[in-house]
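Each remark here refers to the structure printed beneath this line.
The values are calculated or read from the model by the stated rules, or taken from the named source; none is laboratory data. Computed from a predicted structure; not experimentally measured. As a convention, Cβ positions derive from the backbone with ideal geometry for all residues, glycine included, and neighbour counts pool all protein chains shown. Just so you know, the surface numbers come from the protein's heavy atoms only, side chains and all, with ligands and any DNA or RNA stripped out. Shrake-Rupley method; radii C 1.70, N 1.55, O 1.52, S 1.80 Å.
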Amino acid sequence: MQSTTISATLAFLALATPGLAEVTVLGWPGGPEETALRAATEAYNAREGLADADRVELLFTSRDGFYDKLAADLAAGTTAFDAHQIATYSIGRYAPFMTPVDLGPAAATTFGESVLATQQFDGKQFGVPTDLSLHFLYYRSDLIDALLADADAAARYTEIAQEHLGEALTPKAPDEWTWRDWAATALYFTKAVNPDSPTRYGAVLQMKNLLFNIMVFQSLPRAYGGDWTDEAGKVTVDSEAYRTGLDLYKMLYDAGATPPDSTGYEFAEANAAYASGQVATMVQWNAAAAELTDPEKAPTVAAVTATIAPPSGPEGRFTHVHSLGLGLNAAAENKEGAQRFLQWLATPEAMAIYARAGGAPGLTGAALEAVVGERPDLAPLGEYASQYGYVMRGGTSANALAIYQLQAAEFTGYWAGTESLDQALADTTKGMTELLAGK
């Protein structure tokens, strides 16, 4: 995939599956987003009286380099797909090659205006927000409850915190955790640090060289006041906030608090590690909740997994937030059919199917009430987004994804020990300065 374009891949798929559908939709590959979109599309295609021109065929490629390949294909005027994946951080980049969509009157009552706004650019609606993405802190409630009730365990916890963090911290309820409390808890539940730990690892960090892993990480430096730039536009990642966050990750990795192959982990690998029952805590996308609290999918941990917003820092509590969605290719050969599909996706009926299949739409009102009994994890999405959500300065710029990719390369290099912290931050500052200047 790295040496081919999305268009070439889709052209091959089109030749391999002729005549299956008139509307082609390029979706986000892997994870619950793909599963949910497949379920919703199957329901759409099964609708009585659906015209052949409205039938939908889904196409998926690789996550690696997805947005760069998509940008190149859209700029080239590809007709390989009619609708395609977009995200809050990429709409400005793709808008010149897209057509705004009309989601119909049901959209506002399905999602609410604040969620719809995550798919808007220049005052126009460019997509239907299928998934609201932010971060939860997942933790084993049985382990934390036992720790809080055991005086001897609490004393050992304090010793570990003093030794590794230089501070005599005491166990607290997860909703009261700072990032240092979380780190102390992760160390306590690590066999390499505490031989009496009931789990092998206290945390699972996603440290693969992948831009989405940096989105998970950056809520930590943000809680210490970190941002991409100051108000004048000067890059400020070489800061005490970023140094604190990067060092905390590396300390936990070096101490064995996360699996040794975490440098190759992203969403799926982190979930698998946590679901094994050998991990006490994890900061992860909200999309994982449907899997990790499902007794069939995660039988070892489902009954004892609880969630809360990420830990706090000196500047407060924060979570990265964005939405994934589907928008309309300006060069689409079946705009009308694609428009009808996107408008249907914006209805409560479609989003109920999508949510029950594992998606994470940001729903409101009756649309939320219809599924919250089966998906209680959807209830805090709007709350966390409004109370703790943030976007870094420059986070919606045309080169935002390139900046995340740059940070991923440099930060993972530091965590893996292939470059120093000073060098990683210097290279990141230089590259970001050029990218934000449009070079």
Tell me, what is the 1.4 Å probe accessible area of R222, in Å² to the nearest 10?
-> 50
Accessible-area order (highest first, 1.4 angstrom probe) of the listed residues K124, K234 = K234, K124
Can you give me the P(r) profile for region 253-363? Cα pairs, bins 5 angstrom wide beginning at 0, each as a whole percent.
-> 2, 9, 15, 15, 16, 15, 10, 8, 6, 3, 1, 0
Using a 1.4 Å probe on heavy atoms of the protein chains only, the accessible area for R38 in Å², nearest 10, reads 120
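Per residue, how much accessible area does the chain have with a 1.4 Å probe, in Å²?
39
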Computed from every Cα-Cα pair in the chain, P(r) in 20 Å bins starting at 0 and rounded to whole percents is 25, 56, 18, 1
Using alpha-carbon pairs under 8 Å, 6+ residues apart, how would you state the relative contact order of the chain in percent?
-> 26
Does anyone have the angle between helix 240-254 and the longest principal axis of the chain? Alpha-carbon axes, 0 to 90°, nearest 10?
-> 80
Top to bottom by accessible area (1.4 Å), largest first, where do D64, D102 land?
-> D102, D64
For F121, solvent-accessible area (1.4 Å; no DNA, RNA or ligand), Å² | 70
So for the chain, taking the charge dipole from beta-carbon charges (+1 Lys/Arg, -1 Asp/Glu), which of T281, M215, G337 sits furthest toward the positive end?
-> G337
Treating only the Cβ atoms of Lys and Arg (+1) and Asp and Glu (-1) as charged, compute the dipole magnitude of the chain about its Cα centre; round to the nearest 20 debye.
-> 420
May I ask you to derive the relative contact order of region 91-181, considering only C-alpha pairs under 8 Å and at least 6 residues apart, and to give it as an integer percent?
-> 18
Between rounded, prolate and oblate, where does region 55-100 land on the alpha carbon gyration tensor, with a ≥ b ≥ c its root eigenvalues, rounded for a/c under 1.5, else prolate if a/b exceeds b/c?
-> rounded
If one computes the Cα centroid of region 278-299 and of region 120-139, what distance in Å separates the two points?
-> 21
Per-residue ellipticity at 222 nm for the chain, helices alone: DSSP H runs ≥ 4 residues times -39500 (n - 2.57), over residue total, nearest 500 deg cm²/dmol?
-> -12500 deg cm²/dmol
Percent of accessible area on region 202-255 owned by carbon and sulfur, 1.4 Å probe?
-> 44
Working from Cα positions, state the angle (0 to 90°, nearest 10) between the long axis of helix 335-345 and the longest principal axis of the chain.
-> 40
For the chain, please report how many Lys pairs fall under 24 Å Cα to Cα, leaving out neighbours fewer than 8 apart on the same chain.
-> 14
Acute angle (nearest 10 degrees) that the helix 31-45 long axis makes with the longest principal axis of the chain, alpha-carbon atoms = 30
Keeping every protein chain in place, order T429, T319, T109 by accessible area at 1.4 Å, biggest value first, i.e. largest first.
-> T109, T429, T319
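Taking 0.36 nm per intervening residue step and subtracting the Cα-Cα distance, what contour gain separates K297 from E176 on full extension?
Between K297 and E176, full extension yields an extra 40.6 nm.
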Where does the Debye-calculated log10 I(q)/I(0) of region 107-233 sit at q = 0.09, 0.13, 0.14, 0.18 Å⁻¹, using only Cα point scatterers of equal weight, no solvent?
-> -0.42, -0.73, -0.79, -1.03
At q = 0.11, 0.22, 0.23 Å⁻¹, work out log10 I(q)/I(0) for region 325-439 with the Debye formula, treating every Cα as an identical point scatterer and leaving solvent out; two decimals please.
-> -0.66, -1.08, -1.12
What residues of region 154-184 lie in the reach of a label at D196, counting those whose backbone N is under 15 Å from a point 7 Å from the Cα along Cα→Cβ?
-> 154-161, 171
Can you grab the distance from the C-alpha centre of region 165-207 to the C-alpha centre of region 369-397, Å, no decimals?
-> 26
